[in-house]
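Enquirer: Here you go, one structure.
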Amino acid sequence: MVTPRELRLRASDRHRPVVCQHRAEQFQQVRRAGGRMSPLPAPMCLLLLAALGCLWHGVSALQIKALQVPESIEAGQVVRLVCIFDPEQEDLYSVKWYKDDIEFFRFLPKDKPANQFFEIRDVEVDMSRSSNGTVFLKNTSRSAEGMYRCEVSADAPSFQSIFSEKFMAVEDRPEETPENAAHLLCPWSRRQILWTMVFILVFCQ
């Protein structure tokens, strides 16, 4: 004889979702096996962690698209350094410029002022034209030659930093010889001067 309690249990089993039944069966199997799930092998764990790391950087990661640093300039030339970057889904924390591992310019969008210059012997920055990833150098000399690096950093939570660098050579300006100076002062040739003098003497009598 079936009791009323058994009838209620059977009715509840008929209305139980299939997913719940499947999970209950899995739980019963684990209990019968000894109450513990068997751990994953160590190589499998490392593989999963590496895959998750790649997925994390692929979804949200800083990227430097281009670094524009001239290969060679003349001393005294105004130079524009450009670091083109894409923050992706990150919040930008800073953009820093280095020469031979020494920082000389920093852009912090959340600070006031956002542009900061650190004086070093070899580099002079035009602060009125420099901002974000673009820096203008003025009064360049031979000592401005060196390795220039742009470093971009993200804010919390990743605090990721990436950089790119290029070497810039500085050549001396060609010296002006006396012949060149005379040519700049008087661009006419001697023949042109002679015929002009003859013309003046003939027609001014």
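Just so you know, all these numbers are worked out from the coordinates, no wet-lab data involved. Remember, it's a predicted structure, so these values are computed and weren't measured experimentally. Methodologically, a virtual Cβ is constructed for each residue, glycine included, from the backbone with ideal geometry; neighbour enumeration extends over all protein chains shown.
Enquirer: Compute the distance in nm between two label points, each set 7 Å from the Cα along the Cα-to-Cβ direction, one at K110 and one at Q89.
Expert: 1.9 nm
Enquirer: Exceeding 21 Å between C-alpha atoms, which entries from my cross-link table qualify? They are K65/K96; K112/K166; K65/K112; K96/K166; K110/K166.
Expert: K112/K166; K65/K112; K110/K166
Enquirer: Rounded, prolate or oblate: pick one for segment 117-162, where a ≥ b ≥ c are the square roots of the eigenvalues of its C-alpha gyration tensor, a/c under 1.5 means rounded, and failing that, prolate if a/b is larger than b/c, else oblate.
Expert: Prolate, because a/c is 1.5 or more and a/b exceeds b/c.
Enquirer: Can you sort T140, T196, T134 from fewest to most other Cβ atoms within 10 Å of each residue's own Cβ?
Expert: With the fewest neighbours first, T140, T196, T134 line up as T196, T134, T140.
Enquirer: By average Cβ neighbour count within 10 Å, what is the ranking of 103-113, 165-175 from highest down?
Expert: 103-113, 165-175
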